[in-house]
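To keep things clear, I will list the structure first and then write my remarks on it.
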Amino acid sequence: MLDKEGISSPSPTSTTVNVCPDCHRSLSKGKVPRFALANNLYHGSLPAQFRDLTWVEEMVCALYRNIVHVTCLYQSSNPTQPFVFHGNTCAHETNLLSTVKVLPHTPTDINGMLTVVFVGATKLDPKSLRTLFRVRKQAVWSFLCWLTSHNRLYHHISLDTNIMDLYPEDGTVPGLADRVVYD
């Protein structure tokens with residue numbers, strides 16, 4: 001499957017196909033690119049019930065953890081709005097390596113990939129992290145069950161209910177509030 005943006009027709013008799021450097025190297029050697037559809041990695045769109053997964057819920061289910069997220073939150077300078085924040089999240093790539101045999105990742109594993117820096121006159125109320133770092137136990141478990149039965153990369157993964165029980169029914173990643181850095 002090619003993106004329409006990657007195909008151009010500079011003239012009626014020629015077509016240009018743009019591919020990424022990794023795919024180009026593989027194709028130049030007569031090999032199928034690692035992430036090509038021919039490797040059965042594309043399974044269509046996610047079912048509707050998984051379209052509202054949060055980015056943190058996806059991290060809990062991911063085979064590969066290759067990005068560390070640093071979130072800076074700034075408290076409003078208006079004293080009448082102590083729960084109004086603005087800020088940003090920077091994603092920093094790390095080495096890509098997967099040794100996962102059991103999912104979900106533990107809260108400790110996830111916390112190792114997240115940092116929150118808070119700048120404000122008061123201490124951050126942990127409840128205010130819920131919107132940005134939301135985890136729903138049932139959504140994560142349903143997604144993991146679906147992945148193990150519908151994605152060949154997850155077929156060999158064991159699911160651990162004891163680890164899943166470390167997560168809240170609907171809340172933030174356990175332990176995240178203890179890792180907030182105050183500036």
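Picking from Asp160, Asp109, Asp125, which is most flexible by a Gaussian network model of the chain using Cα springs under 10 Å?
Result for the chain, Cα springs under 10 Å: Asp125 fluctuates most.
At most 13 other Cβ atoms within 10 Å and a DSSP loop assignment: could you name the trypsin sites (Lys or Arg not before Pro) in the stretch 1-105 that fit?
Numbers: sites: Lys4, Arg25, Lys29, Lys31, Arg34, Arg51, Arg65, Lys101; in loops: Lys29, Lys31, Arg34, Arg51, Arg65, Lys101.
Loop-located and lightly packed - Lys29, Lys31, Arg34, Arg51, Lys101.
Could you tell me the largest-minus-smallest coordinate of the C-alpha atoms of the stretch 6-91 on each of the three principal axes, in descending order and whole angstroms?
Principal axes ranked by extent give 66, 33, 27 Å for the Cα atoms.
What full-extension length gain, to one decimal in nm, is calculated for Asp170 and Glu5 as 0.36 nm per residue of separation minus the Cα-Cα distance?
Values: separation 165, 0.36 × 165 = 59.40 nm, distance 3.93 nm.
Full extension of this stretch gives 55.5 nm more.
Work out from phi, with θ = phi - 60° and the Karplus expression 6.51 cos²θ - 1.76 cosθ + 1.60, the ³J(HN,Hα) of each residue of the stretch 11-21, listed in order in whole Hz, and give x for Gly and Pro.
Result, rounded to whole Hz: 8, x, 10, 9, 9, 10, 10, 8, 10, 5, x.
For the stretch 169-176, what does the Karplus curve 6.51 cos²θ - 1.76 cosθ + 1.60, with θ = phi - 60°, yield as ³J(HN,Hα) per residue in whole Hz, taken in order and with x for Gly and Pro?
4, 7, x, 9, 4, x, x, 4
With all protein chains present, how much of the accessible area of the stretch 6-63 (probe radius 1.4 Å) comes from carbon and sulfur, to the nearest whole percent? Spell out each step's value before the answer.
Working: 2260 of 4080 Å².
Answer for the stretch 6-63 is 55 percent, counting heavy atoms of protein chains only.
Could you pull out the chymotrypsin sites (Phe, Trp or Tyr not before Pro) across the stretch 57-111 that fall in loop regions by DSSP (anything but H, G, I, E, B) with no more than 12 other Cβ atoms inside 10 Å? Display every interim value, and only then the final one.
On the way: sites: Tyr64, Tyr74, Phe83, Phe85; in loops: Tyr64, Phe83.
The qualifying sites are Tyr64, Phe83.
Evaluate 2.2 N^0.38 Å with N set to the residue count of the chain, then give the Cα radius of gyration divided by it. Please report the intermediate quantities before stating the final value.
On the way: Rg = 20.8 Å, N = 183, 2.2 N^0.38 = 15.9 Å.
That works out to 1.31 for the chain.
Extent of the stretch 108-183 along each principal axis, from alpha carbon coordinates, in Å, largest to smallest?
Extents along the principal axes: 49, 21, 19 Å.
Which whole-Hz ³J(HN,Hα) couplings does the stretch 73-82 yield from phi under the Karplus relation 6.51 cos²θ - 1.76 cosθ + 1.60, θ = phi - 60°, glycine and proline marked x?
For the stretch 73-82, the Karplus-derived couplings read 10, 10, 6, 4, 7, 7, x, 7, 10, x Hz, x marking Gly and Pro.
From the Cα gyration tensor of the stretch 50-130, with a ≥ b ≥ c the square roots of its eigenvalues, which class applies: rounded if a/c is under 1.5, or else prolate if a/b is larger than b/c, or else oblate? Intermediate values should be presented prior to the final figure.
On the way: a/c = 2.74, a/b = 2.20, b/c = 1.25.
Here the stretch 50-130 falls in the prolate category.
Using only Cα atoms and rounding to the nearest 10 degrees, what angle (0 to 90) does helix 137-150 make with the longest principal axis of the chain?
Once rounded, one gets 20 degrees.
What number comes out for the charge environment of Glu169, summing +1 per Lys or Arg and -1 per Asp or Glu over other residues with Cβ under 10 Å away?
Working: positive: Arg136, Lys137; negative: Asp170.
Summing Lys and Arg as +1 and Asp and Glu as -1 gives +1.
Counting only heavy atoms of protein chains, what accessible area per residue, in Å², does the chain have with a probe of 1.4 Å? If you can, show how the numbers build up before the last one.
Working: 11860 Å² over 183 residues.
Result: 65 Å² of accessible area for each residue.
The values are calculated or read from the model by the stated rules, or taken from the named source; none is laboratory data. Worth saying up front: this structure is predicted, and the values here are computed from it rather than measured. No Cβ is skipped: glycine too gets one built from the backbone with ideal geometry, and neighbour counts run over all protein chains shown. In case anyone asks, the SASA skips ligands and DNA or RNA and just uses the protein heavy atoms, side chains included. Shrake-Rupley method; radii C 1.70, N 1.55, O 1.52, S 1.80 Å.
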